[in-house]
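Only one structure is covered here, and it is reproduced in the block below.
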Amino acid sequence: MGCAKQLLVFRGRTLVEGAILRAQEAGFAPVAVVLGARADEVLLAVQRTTAEWVVNENWASGMGSSIKAGLGKMPPDVDGVAVLLADQPFVTAEHLREMARVFASPILAARYAGTLGAPALFGREVFSRLRALPDEAGARALLRGGDGDVREYDLPEGATDIDTPDDFAGLG
């Protein structure tokens, strides 16, 4: 991208600020942002919000390390966590509220473009499985486990994510 994509401005705010706002509007609390590459730059935007943050010094090892860092930032009595991505600008607070409303543990994952992914909600009973994820794997292994733990939530808007300059230019 040539820059921290979380700092791209879409609809008047950075992608990371938009994701934080949507999570907060959905009633998710606390909201914790996991920072990795270019943490110092992204932190400046996060500090303009009331979100908490944690730097994942091991970010280059993969998404699993970031999930574990975020989970470590949660209060010990939290009932569940949501894994959200800053680069899905068409996932709205209403989508997140509805996902929380229909959430029945242990896992609820968004379904789009023939796959399951973020946003995803995880109940307390799977925290040990999240902590045991290989750093490089992320939660996809849990979402594809096929053991009946995963409920699906149709969210075609989740398919729009920003990985390249062309992706961002095409947002309109």
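Coordinate-derived values only; no laboratory data. Keep in mind that this is a model prediction, so the values were computed, not measured. For neighbour counting, all protein chains shown are included, and Cβ atoms are generated from backbone atoms with ideal geometry for every residue, glycine included.
What shape does the chain take by its C-alpha gyration tensor, where a ≥ b ≥ c are the square roots of the eigenvalues and a/c under 1.5 counts as rounded, a/b above b/c as prolate, and the rest as oblate?
Note, shape of the chain comes out rounded.
At 7 Å along the Cα-to-beta-carbon direction for both Glu41 and Glu25, put a label point, then send me their distance in nm to one decimal.
Output for this residue pair reads 2.6 nm.
So in region 5-169, what percent of DSSP beta bridges are antiparallel if you round to the nearest 5?
55
Is region 84-130 rounded, prolate or oblate when judged by the Cα gyration tensor, a ≥ b ≥ c being the square roots of its eigenvalues, rounded requiring a/c under 1.5 and prolate requiring a/b larger than b/c?
prolate
Fewest first, what order do Met63, Met74 take by the number of other Cβ atoms within 10 Å?
Met74, Met63
Which of the three applies to region 72-172, rounded, prolate or oblate, going by the alpha-carbon gyration tensor with a ≥ b ≥ c and a/c under 1.5 meaning rounded?
prolate
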